[in-house]
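Only one structure is covered here, and it is reproduced in the block below.
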Amino acid sequence: MTLDAALDLANEKKLDLVNISPTANPPVCKILDYGKYRYDLQKREKETKKKQRVTNVKEIRLSTFIEEHDINVKAHTASKFLKDGDKVKVSLRFRGREKDYANRGLEVMQKFTEIVSEFGIVEKKPEFEGRSLIMIVAPKQDKEKQDK
């Protein structure tokens with residue numbers, strides 16, 4: 001259809017002629033209410049933004065020779081983060097000769113995992129990255145939703 005015929009048809013129906021694909025040969029156009037079209041697009045974009053969930057990664061630092069009560073306090077803080085839907089990065093830094101006690105560091109990480117297991121699942125097991133032992137814990141409900 002020619003451009004003039006399409007414009008006449010659009011004016012007749014009191015709608016707009018919208019160029020959908022200008023690069024196509026010949027160009028593809030639609031006759032529609034452009035205001036309503038834009039409104040629907042904005043509404044769809046707003047809906048997709050509502051459904052998105054941004055997860056933050058919070059960090060908790062432990063030490064090799066940490067006391068029982070201190071682990072409980074840090075685990076309690078981590079469980080708050082997990083309840084809010086954030087991931088928790090648990091890092092244990094070895095200073096000086098503490099590197100010789102790597103198995104002690106793994107025990108501390110294991111104890112921390114047991115305390116937090118009610119609220120989170122270990123996403124990345126403890127691994128060495130330089131002088132640090134790092135583990136990532138994800139919230140439990142997110143894992144269950146992904147399985148479904």
(request) Could you let me know the centre-to-centre spacing of segment 126-142 and segment 1-56, using Cα atoms, in angstrom? (result) 47 Å
(message) Using only alpha-carbon positions, what ratio does the radius of gyration of segment 3-50 give when scaled by 2.2 N^0.38 Å?
(response) 1.41
(request) May I ask for the angle, rounded to the nearest 10°, between helix 102-116 and the longest principal axis of the chain, with both axes built from Cα atoms and the value confined to 0 to 90°? (result) 60 degrees
(message) Multiplying the sequence separation of His69 and Asn25 by 0.36 nm and subtracting their Cα-Cα distance, what value in nm do you get?
(response) 8.6 nm
(message) Distance cut-off 26 Å, Cα to Cα: go down the list Lys83/Lys124; Lys80/Lys124; Lys43/Lys80; Lys13/Lys46; Lys43/Lys87; Lys111/Lys140 and report the pairs above it.
(response) Lys43/Lys80; Lys13/Lys46; Lys43/Lys87
(request) Collect residues whose amide H, placed 1.01 Å from N in the peptide plane, falls under 5 Å from the amide H of Asp33; neighbours closer than 5 in sequence don't count. (result) Asp16
(request) Grab the Cα-Cα distance for Glu45 and Lys13, subtract it from 0.36 nm times how many residues apart they are, and report the gain in nm with one decimal. (result) 8.7 nm
(request) Please report the relative contact order for the chain, taking Cα pairs under 8 Å with a sequence separation of at least 6, and give it as a percent rounded to a whole number. (result) 18 percent
(request) For the chain, find the longest principal axis of its Cα atoms and tell me its angle to the long axis of helix 68-83, 0 to 90°, nearest 10. (result) 10 degrees
(request) Scan segment 108-137 for trypsin sites (Lys or Arg not before Pro) in coil per DSSP, keeping those whose Cβ has at most 13 other Cβ atoms within 10 Å, and list them by number. (result) Arg131
(message) Restricting to DSSP H runs of at least four residues, report the calculated mean residue ellipticity at 222 nm for the chain, -39500 (n - 2.57) per run over all residues, nearest 500 deg cm²/dmol.
(response) -14500 deg cm²/dmol
(message) To test your reading of the geometry: what angle, between 0 and 90 degrees and rounded to tens, separates the Cα axis of helix 3-12 from the longest principal axis of the chain?
(response) 90 degrees
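Read-outs: derived from the displayed coordinates by stated rules, not from any lab. In this text, all values refer to a predicted model and were calculated from it rather than measured experimentally. Cβ sites come from the backbone with ideal geometry, for glycine too, and all protein chains shown count toward neighbours.
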